[in-house]
Structures are given as C-alpha cells and as structure tokens.
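Below is one structure, written out as structure tokens, with a few remarks after it.
The values are calculated or read from the model by the stated rules, or taken from the named source; none is laboratory data. From a predicted model like this one, the values you see are computed outputs, not experimental measurements. Cβ placement follows ideal geometry from the backbone for every residue including glycine, while neighbour counts extend to all protein chains displayed. Heads up: the accessible areas ignore ligands, DNA and RNA and are worked out on the full protein's heavy atoms, side chains in. Shrake-Rupley method; radii C 1.70, N 1.55, O 1.52, S 1.80 Å.
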Amino acid sequence: MQQRNHLKQILEATPKGEHFLYTDMAQALAGLSSARPAAITLAGKPLPLEEPEADNETRLATLDAIADTVVADPASPLYLDFLANAATPSGARLTLAAGTRADIAVHAPEGDDLRVQRLVVDVPSLASADAVLRISSRSALLLQLKVNIGQGASLRLVVLQDGLDDKRILTRTTVDLQAHSRAELTYVNLDPQLARNEVKCAIHGAGADLRLNGLYVVAADHTVDNETLVEHHAGHSSSSQLFKGIAHDNARMAFGGLILVKPDAQKTSAEQTNRHMLASTTARAFAKPQLEIYADDVKCSHGATTGQIDPAQLFYMRQRGIDEATARRLLAAAFVGEVVDTIPFEDVKTSIRSRLTGQDEASL
Amino acid sequence: MLSIKDLHATVDNKEILRGINLEVKPGETHAIMGPNGSGKSTLSAVLAGNPAYTVTAGSVTLNGKDLLAMKPEDRANEGVFLSFQYPVEIPGVSMANFMKAAVNGKRKYQGLDPLSASDFLKLMNEKKKLVEIDSKLTNRAVNEGFSGGEKKKNEIFQMAMLQPCLRILDETDSGLDIDALRIVANGVNKLKTPENATIVITHYQRLLDYIVPDFIHILYHGRIVMTADKSLALDLEKRGYDWIKEQFPD
C-alpha cells in the first residue's frame, strides 16, 4: 500500500528539467494507476523470471528511501528506476548462445497500469549472437534492458517497435562492452504515440567497437525521443552513432547524444550523426549533440542537421506521374534507408521497408 | 493536341512569359530556340506544372482538357513528359521502385490494375534494349552518380516506359558528347508515333540534325517572335540572335 502511494505521488508529479526536456513525462504516464509486470516471451514462450535478490521488507524499505529523493526531485533519472523496482522485484535473464538469434517480445496489454519489465542479456566471452527485441504497447510500457557483452564477444541487436497502434513506450538500456567486443544496436520506432529510448553504452576495454543506430518516423501529434550516452573508459576503442528521423503532421522528434571520453581512453575514435527531416511545416525537431572529452589524443566528431523534403526531387517524381503522397512517402523512406541498410537481419529489413514505402518490395 | 493561348507566367514576381501562343498537332515536332533568358525553360516548367512558377493569364489545353487546372502528376498521367535539362538525383530510391511507382501511378489514373512484378520487369527489359541504356543503370538509385550522358539516356528510358503523348525535351543536348547525343536522339525518334508530338527546346542547331523539326519558333523576351521551317536553325547558327534582338527591341 505504501508502495502504491509513492507511485501515485510520482505519477502525479510533472517532471521538469533537462533530463526530460523533450518528453513530457506527466503526459507519458497520465492516467496510470499502478504498475504491473509486462509480458515477456522468447520465441513465443514466456520467459521465466528470476527471484528477487533481497527479501521484500528490505526492498520496500529501499524503495521508500529512493521514493523520498525522487519525489523531492521528480525530474531525477532515478524516477524510472524507482518505478521499475516498485513494480517488478524480479526480471528475466537470458544468456545468448553463440551463433544463435533470440527473438524476444515484450508486450504491454490494454489497461490503465504501467507495464514494467526488466531484462538482462548476457553475451559470453568470444560468443557471437543476434537478438531481435520486439516491443509493443497498448497502454504504457517501461522496459529496463541491461546488456553485458563479454571479452571478444559480439552482439547484433535490433530493438523494434513497428506496430500500427502502439501507445506509450519507455526503454532504458545500459550496455557494457568488455575488451575487443563488438555491438551493433539499432532502435526502430515506427510512429508510436510516444516513445523514449534512453541508451547508455559504456566501453570498458581496449579494442571494443560500438555501432549505435536509430530510425524513427512520427506522425499525427506523436513523439519519439532518443537519448544516448556513449562512455569510453578505455583507450583504442571506437564508437559510431547514426540516428535519422522523419516527422510528419504535428509530430515531434528529438535526439540528444553525449559522447564522454574519460582521461584513460586515449586513441578513442568516436562519431555521432543525427539527421532529421521535417515532412510538414508544423512538425518539430530537436537535437542536442554533445561531446565531453577528457583525453588529449582522440578523434571525435558530431553532426546534426534538420532539413526538409527537396522540392526539386518531389517535382521530378510528380512529373513522372507519382502522386504527391506516394512521392513524399518514397522520399521519406529513402531518407531513413541509410539506417535500414545497416540492419543485419533480412526479415526485419524487409518488413521495415514495406512499412515505410507502403508497397510490398519482396516482389522486386 | 496542345493549345497554348496568351500564356503569361511569373517566377518570384518577375514576368518571364508574356503572351505565348502555340498550337501543336499530333505527329508534329516543334523546336523552340532563343537566346539565354528568353523563357524557354520557363515554358517547359509551366507546362509540366512546376509549383515554383505562377501562371498569371492565358490558357493551355491538352486534348481539350484544361492543363493548368491539373496537378503535375495528373498532367503527367494525361501524357505530358518533361525531359529535364538537369535530371534530379534521388539517392535511396531505386530506379526499379521509382519506375514501378510511375507506371502504376499512370495505370491507377487510367483505372487499370497495377502491373505484376514479372510484367513490369519484362517491360523494363524491353524498353532498356530499345533506348540502348546500360542494364546496370536501372539497378542504381535514380540518377545518383550518373554521368551527364547517363542522366539524359535515363530520361529517354523513362519516356519509353511511360509512352507520353506530349514530349518536351528541355535542353536535352546540354552536357552530351556526340555519341550520347546520337543515342538520345535515336531514342526520341524511335519512340515517335503519328499520335505523339514533340517540343524540343535547344540553343543549338546540332540536335536538330538528329531530331528534325517541322517548325522552329524563336522565343524572345517571353514571346514567340518568329516561326519558320527547319532552315531557320542554320541561319541562326551563322548569324546568331542579334538580328532578331534588333528587330524586337523591348
């Protein structure tokens, strides 16, 4: 009961401040009365949940302590951690076997609860594994994902939301990369009502390589917000980010990205690119690219652009008899095509392409 | 087929076309020549419906239908084809998808079902051979990284695919070497039928050796100031435009 009261207090608070600058958390969580676990499946079968680490009394006492600070500062990043802890003491844990692909789905059914899930994914040393994580939400979903990539291991992961009527989705990912490991992560959001992806990647060992990409399309009055933090703790490591988004109608999209290079991370190579296309005059785009570098022998870059559909391209297509709506759709799909091309799974690629262009491309 | 009456048009509030009159009948080829800045490209853009241009007076009908009231895509589907002076690069859109959207856009306009994938590929291969276009070009993105000659050949390929009734070639010869010019002109001639008509906009007489016009019109200061047969092109090549400018001080 005590837990519920705290949750209620938090849900009623309006978070302000930089951390949630582009996402209205009050709106995101409005109307939710309590938090319950979301469904999680692996290859269509429910994934077993682990037991809580501490006993319940201790856990609730800890939550109270967090709740006090959180309520005092509702814009604190701890806020969502608190929600996750409050709702699910347990979480799923998955060790990916080398050479396999795991198809994981997390779903929040209709209702007025916040659905919460926690998932830990381990990729053992020297293993190469793939995963597709499909997210769908008919109400509100908070997913906490922790990914551990062992020494010399590699992971290709797509976090995919492509449902036609997805509501509110919050994902918080932390990825830890050990020496000589490699990660290719892609976040895809195809017009959910509201999605916010927070991705924190930490490179702990030399020779690690991170590719972090994002693709998002928003229409109506919907919002997609991607916030990334890439930390280089060790030298001779590399990271690159490419986030491309399109906003139609009155939609909003945001990208905030920080590359943080620690003093010991000499010879780091890091880049970040964010490109936004506004497909209407009332859509809005926000970008906040940031670099924080504490080492003196590194190569880092960032770039952010916001543009519109090229009227010359649009006219050329219309002159060939392609109606304006189709031409705009093809041009928008072409704009984010660069990110689609990086997705390593053909089936995922094909389904995204056909969603984007509105035509069945498998036949060509 | 095409009837232009007293057409006036502006771009950025500057009047470029100042009363164009032109009748084009099926099977005819009309060349439009004139010094730089006389309004040649504006005329082609206005006929195609480029939204950057505003028509301030006059009328244009195509087969009796009011062309100026139509959206650019509807004009295209009624049979207006503009071969661009500078074909636009569209990275990320494959030629196959682009052509498929165009062909099926026209079929939809005509109330026909879309072509099946195999019929579409058959049509592409047939037209590729007809206009001597390299097969590899159609596997790439629209005009992306194409040479000047490849872009113009690609325009003719698209013309072959869409079979328009009114073909407007805007400075098709610019940026072409002699061999490419011959291939492009051959394509235009092969695709000529008694039912379609051609408007060739050019600076030079050279293209008209290959695409032989029935009429040559001189456009100057936004009006057609002279109409003659093909011998006029040779005259112009020798004498330039100065004698015309002198006749029509404005």
**OP:** Give the percent of DSSP beta bridges with both residues in the protein assembly as shown that are antiparallel, rounded to the nearest 5.
**Re:** 15
**OP:** Report the normalised scattering of chain B as log10 I(q)/I(0) at q = 0.11, 0.13, 0.14, 0.18 Å⁻¹, calculated by the Debye formula with identical scatterers on the alpha carbons.
**Re:** -0.59, -0.82, -0.96, -1.51
Subject >> Computed magnitude of the charge dipole of the range B:165-215 (debye, nearest 20; Cβ of K, R +1, Cβ of D, E -1) >> reply: 160
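Quick one: work out Rg over Rh on the C-alpha atoms of the range B:6-73, Rh as Kirkwood radius. Before the final figure, lay out each step's value.
On the way: Rg = 12.0 Å, Rh = 12.7 Å.
Expressed as Rg/Rh, it is 0.94.
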Original post:
Expressed as a whole number of Å, what is the distance separating the alpha-carbon centroids of the range A:292-348 and the range B:187-249?
Top reply: 42
Original post:
What per residue convex hull volume, in Å³, comes out for the range A:91-155 when only alpha-carbon positions are used?
Top reply: 61
Original post:
Whole-Hz Karplus ³J(HN,Hα) for the range A:327-342, in order, using 6.51 cos²θ - 1.76 cosθ + 1.60 and θ = phi - 60°, x for Gly and Pro?
Top reply: 4, 4, 5, 5, 5, 5, 4, 5, 4, 8, x, 4, 7, 4, 4, 7
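Could you give the dipole magnitude of the range B:2-247 about its Cα centre, charging the beta-carbon of Lys and Arg +1 and that of Asp and Glu -1, in debye to the nearest 20?
The dipole magnitude comes to about 440 debye.
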Subject >> Dipole of the protein assembly as shown, positive direction: furthest Cα of A:Leu29, B:Met33, A:Leu210, with charges on the beta-carbon >> reply: B:Met33
**OP:** Please calculate how many Å² of accessible area the range B:2-247 carries per residue, with a 1.4 Å probe and no DNA, RNA or ligand atoms counted.
**Re:** 43
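Return the calculated 222 nm mean residue ellipticity for the protein assembly as shown, to the nearest 500 deg cm²/dmol, obtained by summing -39500 (n - 2.57) across DSSP H runs with n ≥ 4 and dividing by the residue count. Show your work: numbers first, answer last.
Working: 16 runs with 173 residues, N = 614.
Theoretical 222 nm ellipticity from helices: -8500 deg cm²/dmol.
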Original post:
Can you give the % of DSSP beta bridges in the range B:2-247 that are antiparallel, to the nearest 5?
Top reply: 60
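Calculate the mean, over all residues of peptide B:88-99, of how many other protein chain Cβ atoms lie within 10 angstrom of the residue's Cβ.
Details: counts 8, 4, 10, 6, 11, 10, 5, 0, 2, 8, 7, 2.
Going residue by residue through B:88-99 and averaging, the value is 6.
On average, how many beta carbons from a partner chain sit within 10 Å of the beta carbon of a residue in B:71-81?
Details: counts 3, 12, 12, 3, 3, 7, 4, 1, 1, 2, 3.
For this peptide, the per-residue mean of nearby foreign Cβ atoms is 5.
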Original post:
Can you list the residues, at least 5 places off or on another chain, whose amide H is less than 5 Å from the amide H of A:Ala195, using H built in the peptide plane?
Top reply: A:Ile169, A:Thr223, A:Val224, A:Asp225
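Express the Stokes-Einstein translational diffusion coefficient of the range B:124-223 in µm² s⁻¹, to the nearest whole number, given a Kirkwood radius over alpha-carbon pairs, 37 °C and a viscosity of 0.692 mPa s. Intermediate results must be reported in sequence, preceding the final value.
On the way: Rh = 14.2 Å.
Value of D from the Cα-based Kirkwood radius: 230 µm²/s.
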Subject >> 20 Å-binned pair-distance histogram of the protein assembly as shown (Cα, whole percent) >> reply: 18, 40, 26, 15, 2, 0
**OP:** For a quick protection proxy, order the peptides A:279-292, B:34-47, B:114-127 by their average other-Cβ count within 10 Å, most packed first.
**Re:** B:34-47, A:279-292, B:114-127
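How large is the dipole of the protein assembly as shown about the Cα centre if only Lys and Arg carry +1 and Asp and Glu carry -1, each at its Cβ, rounded to the nearest 20 debye?
Dipole of the protein assembly as shown, to the nearest 20 debye: 1160 debye.
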Original post:
Using θ = phi - 60° and the Karplus form 6.51 cos²θ - 1.76 cosθ + 1.60, what ³J(HN,Hα) does each residue of the range B:206-218 get, whole Hz, x for Gly and Pro?
Top reply: 3, 4, 6, 5, 8, 9, 7, x, 7, 9, 10, 10, 9
Original post:
Is there a pair in B:Lys151/B:Lys245; B:Lys40/B:Lys127; A:Lys146/A:Lys299; B:Lys152/B:Lys192; B:Lys152/B:Lys190; B:Lys5/B:Lys238 whose C-alpha atoms are over 23 Å apart, and which pairs would that be?
Top reply: B:Lys151/B:Lys245; B:Lys40/B:Lys127; A:Lys146/A:Lys299; B:Lys5/B:Lys238
Original post:
Taking amide H positions as placed 1.01 Å from N in the peptide plane, with prolines and chain starts having none, which residues 5 or more places from A:Asp103, or on another chain, fall under 5 Å of its amide H?
Top reply: A:Ala43, A:Val132
Subject >> Mean separation of Cα contacts under 8 Å (6+ apart) over length of the range B:2-247, as relative contact order % >> reply: 28
Original post:
Whose amide H sits under 5 Å from the amide H of B:Val200, counting only residues 5 or more places off or on another chain, with H placed in the peptide plane?
Top reply: B:His30, B:Ala31, B:Ile32, B:Leu169
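As a test of the definition: with a 1.4 Å probe, what buried accessible area, both sides summed, do you compute for A against B, in Å² to the nearest 100?
Values: alone 15890 and 11890 Å², together 25530 Å².
Answer for the A-B pair: about 2200 Å² buried.
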Original post:
So how far, in whole Å, is the C-alpha centre of the range B:93-151 from the one of the range B:18-37?
Top reply: 29
